[in-house]
Structures are given as structure tokens and as C-alpha cells.
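Working notes, structure below.
The values are calculated or read from the model by the stated rules, or taken from the named source; none is laboratory data. Just so you know, these numbers come straight off a predicted model, no measurement behind them. Cβ coordinates were reconstructed from backbone atoms using ideal geometry, including for glycine residues, and neighbour counts include every protein chain displayed.
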């Protein structure tokens with residue numbers, strides 16, 4: 001059972017060949033303008049090297065930062081028609097109000113706030129009517145807008161109005177690509193609507209990128225199904241991503257953490273990803289990255305995405321070492337990609353963390369003789385300082401007082417040796433340089449639910465039971481095998497300042513695809 | 001006079017989050033509502049209570065309900081103004097100014113939206129000097145200001161008018177209607193004349209928000225410790241206040257429950273340098289802080305704020321998480337909030353706590 005995992009990043013495109021739960025081989029190459037070419041390059045290298053017949057490839061999983069990057073850079077985005085079902089509520093906050101001027105210009109001001117929506121207890125808010133939606137559908141047609149976002153107040157409780165509205169608009173605009181907010185986010189209207197609009201703005205690019213991926217696989221003569229990883233570590237089929245590119249946001253760090261967890265065989269651990277300029281600290285809980293509880297800004301736009309909860313510090317292989325009268329400081333600035341010119345071991349003039357690692361004999365690259373003059377105290381103090389930074393980061397992301405396994409990945413893992421405070425053990429697994437692609441190849445299918453339930457009417461137990469059932473149903477729809485599905489998250493959030501016994505329940509179910 | 005602009009809006013939002021002392025709802029939506037008004041070319045004038053004319057007649061406007069609902073169902077906007085007009089109609093007298101009832105959270109920004117819509121100035125003073133969960137918890141009651149007529153309105157302009165026997169009853173009745181109105185409603189109440197504004201409100205709290213917000217940002221830019229800067233600043237504010245850093249630590253345990261619509265909870269902090277622990281209890285807002293399960297270091301109505309230990313960003317009780325590094329800061333409140341009558345409304349005993357009020361200056 002062979003699988004291929006691919007990670008299409010901003011700079012690198014990595015591929016791994018997996019046989020069941022074993023890593024057969026990994027390969028790093030460069031990302032290309034047309035992303036498919038980088039995939040062809042990486043995958044064909046790995047297939048040729050291992051003499052694999054493409055008929056034996058069961059599936060391909062791709063993780064990509066293409067959509068995140070496009071949105072953050074405001075590139076290749078489309079005009080969007082925004083249809084909001086909420087009137088008379090919400091008019092005090094029109095769509096896109098918090099987007100940058102440049103984004104607002106790109107997305108345009110094609111907004112309709114029409115009657116509709118629900119109350120928190122499921123009653124109708126405004127009087128939704130077919131006539132009003134038909135009128136909007138015709139206006140969209142006359143404006144020739146193809147990418148459409150529909151957001152309805154409290155649609156996570158009841159998606160019916162969004163679905164009905166979508167049907168009508170689609171009838172009048174057969175070519176339109178429509179995104180409904182209940183498919184994108186949870187309770188928190190502006191954040192959910194923002195994400196829906198982001199998704200629509202990426203519609204054209206999504207089609208292009210997925211087509212490019214498909215063509216690449218065709219050229220490679222791989223006919224198996226392929227999947228794209230989401231930000232929560234689960235997978236979507238490629239055709240779904242065409243409609244929901246926004247759900248791939250931040251899948252990079254998620255894949256890297258899941259890959260690290262897999263390589264080390266730990267389902268609860270702290271992952272420390274040491275790169276060239278920064279180090280990311282994250283937590284894997286039950287095999288999945290812990291999610292952030294605070295709103296996440298992407299390209300300056302607030303969303304309520306499920307994102308891994310990461311801490312980043314300015315420590316990496318290129319971090320600059322300074323000696324202030326005997327007191328050593330490390331970073332937070334770095335020589336970055338100029339490491340191979342500016343660091344001592346490559347004939348430069350700046351002392352970096354890599355120079356220290358080489359001088360200490362922990363690593364062997366560059367010209368060792370160029371750091372032989374470094375003072376022993378400086379080396380020891382620098383190493384201690386680096387260790388302290390990492391130990392502090394570990395402590396900041398820890399779930400509780402207990403020591404936990406710490407997994408080091410990324411090129412910068414040479415910077416630390418030996419035990420770390422707070423770590424029950426320190427692991428540097430093999431293949432950790434392609435942890436992203438491995439993470440992509442492992443992903444599962446999931447479903448989640450986020451609704452407000454009335455405990456006074458339904459009771460707590462029944463409410464929780466219903467929430468779980470709905471989450472499992474969604475995981476099944478996403479392709480999970482029934483027997484393998486588990487509820488991995490269950491959260492009750494009471495509605496404060498209201499004496500009505502209403503509670504918001506968030507439940508997530510995941511299961512294996514293979 | 002202070003003029004609200006697109007440039008100082010972020011400062012205001014951050015400052016109101018600080019004064020919300022952990023509750024009051026996320027100021028994000030309020031900030032967006034104001035941004036929209038300013039982008040439409042509307043202006044907001046904020047005047048000091050020292051500058052008001054003797055014929056000033058102001059109305060308190062606010063949003064009542066659950067922050068979660070507010071975050072999903074932003075209001076229509078115009079309805080708050082409409083509620084105020086309904087009060088005018090009943091009294092047969094026009095308002096010429098607007099008052100915020102609260103200095104922290106959503107209700108610190110909403111009156112500014114009404115100021116933009118109506119063109120009326122907003123008075124830089126309020127009834128809580130922070131955030132509190134209920135309508136009767138205001139200094140106005142120290143001077144027996146009548147809460148009535150109390151008007152509630154929803155997005156459909158459906159209106160309810162209460163002539164309640166007292167402010168606590170007004171709170172009780174209107175909150176029941178609030179649930180039926182979909183979990184949030186707009187409220188206009190506590191009409192006040194110039195003397196009442198001068199004598200029964202907490203002064204200069206909007207200015208305080210602007211300054212705290214700007215200070216935190218400035219400290220970040222200058223790579224200074226925002227918390228240290230806030231504490232230094234408090235002595236220079238008008239009126240001067242006492243600011244204290246109570247504790248620096250990480251959240252070691254967190255318990256939450258909901259009782260009658262109130263989020264109650266306990267947060268346990270552990271020092272990063274020694275064995276000290278701090279317990280901070282909350283009832284929507286932070287109500288007291290106790291060191292080593294022994295000594296109460298600060299209590300309502302003094303402000304107790306949780307700030308991110310590095311960025312100084314105020315954290316609401318909803319945003320608290322295990323492992324967070326935070327600093328707990330206490331700030332003294334002006335004398336009007338410490339009178340016997342005021343403490344009956346919102347001192348420790350009003351929150352069911354088993355001790356009497358001691359100002360933070362008297363605790364070492």
C-alpha cells in the first residue's frame with residue numbers, strides 16, 4: 001500500500017513515499033511558478049529512485065501554502081459578491097469593514113444585506129423571501145460576478161437559509177462558484193463572513209492550482225485519488241478544495257507537527273521546529289495539534305479558523321550571537337538565507353548559532369577552521385543561552401506541570417544537544433527535514449459541529465449526545481471509516497449574561513481514511 | 001474635547017478592554033461599528049464633564065445581553081438612537097448629549113456610535129468607571145438618579161418601556177425581555193441633568209481608555225514593559241490613581257461555571273520565580289485576587305486586570321487559558337466609587353463575597 005505525501009511550500013516542494021506506516025524515502029526540491037512542475041520533479045525523482053510502478057500508488061496527499069501566501073500577498077484574488085442574510089440586524093457593520101484598503105479594492109463593494117438569519121435559539125430573525133433573493137441573483141448576473149459568498153446570522157445553528165439562497169442564486173448564475181459560511185467557520189459572524197469572502201476571492205486560483213496538481217499527477221501517470229490537507233490536520237478530496245481553498249490555511253505547521261509526532265511515535269508531545277530564522281513551539285495532543293483559542297489574523301483579516309496554537313521565537317540556525325562585555329545574547333535577528341555568505345564558517349564576519357554548533361563539534365558543515373579561534377567561554381555561554389531559549393519556549397506551551405517528550409525537527413535541531421528542562425525525553429527522528437510532507441500523507445478525515453443548545457429544553461446529556469452524533473455524521477461524509485471515528489474535542493461554552501440555560505457546544509470527530 | 005479618528009480608534013478599543021477588567025464583551029464589534037461611522041464621514045465629539053453647560057441633558061445608551069450573541073448578531077445600529085428618542089418622547093424633552101453607562105467593553109464604544117449617528121456630543125464620564133454586569137451597579141444611584149423611563153428595543157424597532165420601582169427591578173425586568181429579543185437588545189435609560197452628571201458619574205474614563213491604549217502601543221514600539229508604563233502612568237492620570245503589579249505568573253488551573261447567566265470562575269496563577277500562588281475569582285469580571293490562599297490583595301470595585309505578560313494586551317475571562325503568562329494589575333478607583341452607598345451596589349458583598357472592602361492603597 002504505497003502513498004505519496006507532498007508539501008508545496010513557498011520555497012520548497014518536498015515529497016515522501018510511504019508504505020503503510022513506514023517512510024520509504026523523502027526528497028526536497030524547489031517550488032516552481034507553476035506548482036505542478038515542482039511536484040512532478042519531486043515525485044518523479046522519488047519514484048525513479050525507488051523503482052516504483054505508479055499503479056502501486058494508492059493515493060496522494062498534498063499540503064500547500066499556495067492559498068495562504070496568495071491571500072497574504074493580495075495576489076491572484078478575485079472580485080466577490082457578498083450576500084448577507086441578516087437584515088434588519090448587522091447593518092451597523094458592513095462586509096469587509098476590517099479588510100485593508102488594498103483588499104477592499106480587489107474584492108469590490110458588491111454587498112447585499114437582505115432579510116433573513118436566525119436567533120440564537122433557532123427562531124427566524126428577518127423574514128427571508130424568495131423574491132428578495134431572486135432580485136439579488138439577477139443583480140449579480142447583471143454585474144457579471146462569478147465568485148459569491150453567502151453568510152447568514154447563526155447559520156452554524158441552521159444552514160437552511162444559506163442552502164436555499166445558494167440554490168436560487170445558482171439557478172440564475174449557473175457558472176457561479178458559491179461559498180456558504182456554515183461550511184467555513186463557527187459561531188462569530190464577522191470572522192466567519194470574513195473567511196467566506198476570503199474563500200470566494202481565492203476561487204479562481206483554487207481552480208488553477210488544483211488543475212495544475214491534477215495535470216501533474218496525470219503526467220506522472222498516477223491515477224489514484226488525491227487529497228489536500230486542511231488546517232486541522234484532516235484531509236479533503238481535491239474537488240472539495242476547489243470550492244474551499246481557505247480551509248488549507250496554516251496546514252503547513254499542522255502537517256509539520258503531525259509528521260513530527262508520527263516519526264517519533266508520540267501522540268502527546270511538544271514539537272520544536274527550529275528553522276533558519278525562527279523556532280516554532282507547538283503541542284500535539286492525541287495525535288493532533290492543539291488549536292489556538294484566540295482569533296487568528298491572516299493577511300490582517302480576523303478569522304475564527306482552527307489553527308495550531310504556536311509560539312514563535314527569533315531563534316534559528318542563522319541567529320546572530322553578540323557578546324556584550326561577557327554577556328552573550330542570541331538573536332532575535334538572523335542573517336537568514338544569507339547564512340552561506342555572512343556566517344563565519346562560510347567566510348563571513350557575523351557569528352551565528354550555526355558557527356557555535358560547528359565550533360562545539362555538534363555539527364559539521366562549512367569551514368571548521370574559520371571558527372577554531374572562538375573562545376571556549378563564548379561557545380559554552382552561547383550554547384547555554386540557546387538552550388535556555390528553547391527550554392523557556394517549551395515551558396510556555398506545556399499543557400501541565402508534567403514533563404513531556406520533546407521532538408526536535410527542522411534544520412536547526414543541531415543547535416541543542418542533550419536533555420532539556422521540562423522534557424521527559426528529547427527526540428530527533430530520522431526524516432524530520434520532510435516532516436511536512438509526511439504529515440500530509442498521514443492526515444485523517446474529520447467533521448465538527450458548533451451550535452447553541454438549550455439545556456433547559458433538551459437537557460445536558462441529550463444536547464451533548466446530539467452534538468457528537470452530528471460531528472460523527474460530518475466525519476463520515478468527509479470519508480472517515482465508521483469504526484475508526486473518535487470524538488477528539490468536546491467543549492461547552494455557556495452563554496453568559498443570559499439566564500436562559502443556553503450553551504454552545506463544539507464537538508469534533510475524526511477517523512482514518514485508509 | 002477629544003476627537004475620535006480612524007487613527008486613535010485602536011487605542012480606544014484596547015483601553016476599553018483594559019477597563020473591562022476581564023468582562024464586558026469583546027470590543028471588536030464596537031470598534032468596527034465606529035470605524036464604519038468614521039468612514040462615512042461622521043464625527044464623534046467627546047467632551048469633559050468639566051466643560052458641560054448647565055442646561056445639559058444626557059441619556060445613557062447601552063447594549064444588554066450575551067457577548068456570544070453580540071458577536072454573531074451585530075446590531076442594526078440605528079435602534080439605540082431610536083431608544084433614546086423614545087425616552088425623549090416620554091419625557092417631552094430633547095437630549096443634547098449622550099452618556100456611556102460603562103467604561104469597559106462593548107458599552108464603552110456603543111454610545112460613541114450613537115454620538116456619530118445623532119451628532120450629539122458624548123460626555124467623558126460614566127456610571128461604572130469599569131465594566132459591571134448589571135444596570136443598578138452605577139454611581140448614579142449614589143445620587144438617586146432615576147433609571148426610568150427604561151426603554152429596550154430590538155432590531156425590528158419593537159420597543160418596551162419600563163417604569164420600574166427601582167434600578168434593580170428595572171435590570172431584572174429588562175433582562176427577561178432581552179432573552180426574547182434574541183439575546184441582545186439596545187437600551188436607553190438614566191436621563192441625567194448637568195448637576196447629576198457632575199456629581200454622580202465617574203469622570204474622564206474615555207480619556208483614560210485612549211491614554212491606556214496609546215501607552216501600551218507606545219511601550220511596545222519603544223520595547224518597554226507595557227505593564228510598568230501603565231503603573232507609572234496611573235499616578236499622573238486625572239484624577240491620580242494608584243496602580244500596582246499584583247503578580248506575575250502562569251495560569252496553573254482554571255475553573256469555570258455558569259450560574260443564572262453569570263460566568264463564574266477561578267483562575268490559579270503560579271509565580272515564575274518562587275512558590276507564591278495567586279487566586280483570581282471572576283463573576284463576569286474579576287472580583288478579587290488572593291495571595292497564597294491567605295491574603296486578599298485587591299477586590300471590587302478596584303480594577304483587577306489580566307494582561308499578557310509580554311505584550312500588555314488585556315485578556316478577557318473567555319480568553320484565559322492554561323499555561324498563559326500573565327500579569328495581574330490592580331488600579332484604584334475614584335472616591336465616588338468607594339462611598340458607602342456605592343459599595344452597597346458593587347462592593348465585595350454585592351458579589352456575595354464574605355469580606356468588606358479595603359482599598360488597594362491600604363494593602364501592602
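Couple of notes before you dig in:
- Among the residues making up the range B:257-276, those that are over 29 Å from residue B:106 (Cα atoms) and either away from every other protein chain (no Cβ under 14 Å) or within 19 Å of the chain's Cα centre (by Cα) (or both) are B:274, B:276.
- Members of the range A:335-347 found to be in contact (Cβ under 8 Å) with a residue 40 or more places away in the chain and either part of a strand (DSSP E or B) or crowded, with 20+ Cβ neighbours inside 10 Å (or both), listed by number: A:339
- Exclusive hit being more than 19 Å from the chain's Cα centre (by Cα), away from every other protein chain (no Cβ under 14 Å) and touching a residue at least 40 places away in the same chain (Cβ under 8 Å), set B:279, B:291, B:254: B:291
- Test for residue B:139: is it away from every other protein chain (no Cβ under 12 Å) and touching a helix residue (DSSP H, G or I) at 6+ places or on another chain (Cβ under 8 Å): yes
- Some residue of the range A:126-143 being within 14 Å of another protein chain (Cβ to nearest Cβ) and either surrounded by 18 or more Cβ atoms within 10 Å (Cβ to Cβ) or assigned to a loop (DSSP other than H, G, I, E, B) (or both): yes
- At least 3 residues being over 29 Å from residue A:311 (Cβ atoms) is the threshold, and among the strands (runs of 3 or more DSSP E) wholly inside the range B:279-348 those reaching it are B:285-291, B:295-299.
- Of the strands (runs of 3 or more DSSP E) lying entirely inside the range A:398-514, those containing at least 2 residues that are more than 14 Å from chain B (Cβ to nearest Cβ) and at pLDDT 90 or above are A:404-409, A:423-427.
- For the range A:230-334, the strands (runs of 3 or more DSSP E) that sit wholly inside it and include 3 or more residues that are buried (at least 21 other Cβ atoms within 10 Å of the Cβ) and at pLDDT below 90 are A:279-285.
- The criterion of at least 3 residues that are more than 14 Å from chain A (Cβ to nearest Cβ) and buried (at least 21 other Cβ atoms within 10 Å of the Cβ) is met, among strands (runs of 3 or more DSSP E) falling completely within the range B:1-112, by B:57-65, B:97-100.
- Screening the range A:178-194 for residues that are at pLDDT 95 or above and more than 14 Å from every other protein chain (Cβ to nearest Cβ) and picking the one that is surrounded by the most Cβ atoms within 10 Å (Cβ to Cβ) gives A:179.
- Any hit, the range A:140-154, residues being closer than 23 Å to residue A:92 by Cα and modelled with pLDDT under 95: yes
- Out of A:103, A:47, A:37, A:77, sole residue that is out of contact with any helix residue (DSSP H, G or I) (no Cβ under 6 Å at 6 or more places or on another chain), touching a residue at least 12 places away in the same chain (Cβ under 8 Å), under 26 Å from residue A:144 (Cα atoms) and away from chain B (no Cβ under 14 Å): A:103
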